[in-house]
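Structure record follows, encoded as structure tokens.
The values are calculated or read from the model by the stated rules, or taken from the named source; none is laboratory data. Bear in mind that the values here come from a model prediction, so they are computed numbers and not experimental data. In this analysis, Cβ positions are derived from the backbone assuming ideal geometry, glycine residues included, and neighbour counts consider all displayed protein chains.
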Amino acid sequence: MAKKVTSKNKKKKEIVVRSAKVFINSSFNNTLLSATDENGNVFAWSSTGRAGFKGTKKSTPYAAIQATKILIDKMHEAKVEEISLFVAGVSSGRDAAVRAFGSAGFKINKIKDITPIPHNGCRPKKPRRV
């Protein structure tokens, strides 16, 4: 006979963060967003896949906006007032996400592009022939 598993209802700790760092990582196929406190501990995250998009639709600016809205709602729950944006990547989703944060009502301290740029490092991938 199967054992009955009893689980205790754990209450989630209410997170209160006044200023946050938001990292937007935008690749050719996806856009990932994470919000951290000043120490670098992630308290909220979102992605275009989490917003309900699959396949090539994940790389669209609209999908990035929807993922950003999910993250903004979580940040409002955590009572975030001011943010610093760190943007990495090359896709069109990064600009859409930055615009969505601009209209969300947060005080934006800075926007910094942290895209890694090689100083003639590895050989790049060959271009696709379609």
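If I filter segment 61-82 for residues that are polar (S, T, N, Q) and over 12 Å from the mean Cα position of the chain (by Cα), do I get at least one hit?
For segment 61-82, residues polar (S, T, N, Q) and over 12 Å from the mean Cα position of the chain (by Cα): absent.
When segment 24-42 is examined, which residues are found to be crowded, with 18+ Cβ neighbours inside 10 Å, farther than 10 Å from A67 by Cβ and of a type in the set (A, V, I, L, M, F, W, C)?
A35, the sole residue that qualifies.
Failed condition for I83, given (1) modelled with pLDDT under 95; (2) of a type outside the set (S, T, N, Q); (3) farther than 21 Å from G49 by Cα; (4) not in a loop (DSSP other than H, G, I, E, B), with all others met?
(1)
Farther than 22 Å from K13 by Cβ, modelled with pLDDT under 95 and charged (D, E, K, R): is that true of R99 in this structure?
Criteria not met by R99.
Which of the residues belonging to segment 99-115 are more than 15 Å from S19 (Cα to Cα), in contact with a strand residue (DSSP E or B) (Cβ under 9 Å, 6 or more places away or on another chain) and either part of a loop (DSSP other than H, G, I, E, B) or in contact (Cβ under 8 Å) with a residue 60 or more places away in the chain (or both)?
The answer is I114, T115.
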